[in-house]
Amino acid sequence: MSLLVQIELKVKTDEAEFLRVARALASAAATEPGTLRYQWYITQKPGHYSIIEEYTDADAAEAHNNHVGPLLGELFALVDLVSASFYGELNPYIRDWIAGREGISVHKPL
């Protein structure tokens, strides 16, 4: 079963730098086996962006994060996490990542 992730971020400082990093992440994700969808969206709130990510499973999401680790470090230096929703089965890596974070929701399949 696939894992769908929706994240909303608020840019703290340099929006041009955020866009550079977001585009680099999308480019890197395009060649990853196990990444089914990786799409950024502009929201109606100024400075807020959403991303929808879909992976074959939680292990593919973990592999993505390991592949783009330095870019994720750059990204999270530029943004605040507003919310994150996970739809599907989680693995220990993702459960650890969400532990103690605000604005996280997990939705398990029926």
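Every read-out reported here was derived from the displayed coordinates using simple, explicitly stated rules and does not represent laboratory data. This one's a predicted model, so the numbers in the text were calculated from it and none came from an experiment. In this analysis, Cβ positions are derived from the backbone assuming ideal geometry, glycine residues included, and neighbour counts consider all displayed protein chains.
Scan the range 10-109 for GluC sites (Glu not before Pro) in coil per DSSP, keeping those whose Cβ has at most 13 other Cβ atoms within 10 Å, and list them by number.
Working: sites: 15, 17, 53, 54, 62, 74, 89, 102; in loops: 89, 102.
Taking the range 10-109 and a limit of 13 other Cβ atoms within 10 Å, the loop GluC sites (Glu not before Pro) found are 102.
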What is the distance in Å between the Cα centres of the range 2-46 and the range 61-107?
12
Residue 85 and residue 107 label points (each 7 Å along its Cα→Cβ direction) are spaced in nm at 0.4
Net lengthening on full extension, residue 39/residue 52 (0.36 nm per residue, minus Cα-Cα)
4.1 nm
Roughly how large, in nm² to one decimal, is the mean projection of the convex hull of the alpha-carbon atoms in the range 3-107?
6.1
Relative to the longest principal axis of the C-alpha atoms of the chain, give the angle of the C-alpha long axis of helix 15-29, reported between 0 and 90° and rounded to the nearest 10°.
30
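Just need the relative contact order of the chain here, percent rounded to a whole number, with Cα pairs under 8 Å and 6+ apart. Don't skip to the answer; put the middle values down first.
Values: 186 pairs, mean separation 40.9, N = 110.
Relative contact order here is 37 percent.
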Straight-distance crosslink candidates among aspartates and glutamates, where the alpha carbon sits under 13 Å from residue 45 and sequence neighbours closer than 8 are dropped
8
Stretch gain in nm, segment residue 66-residue 24, where the contour uses 0.36 nm per residue and the Cα spacing is subtracted
13.6 nm
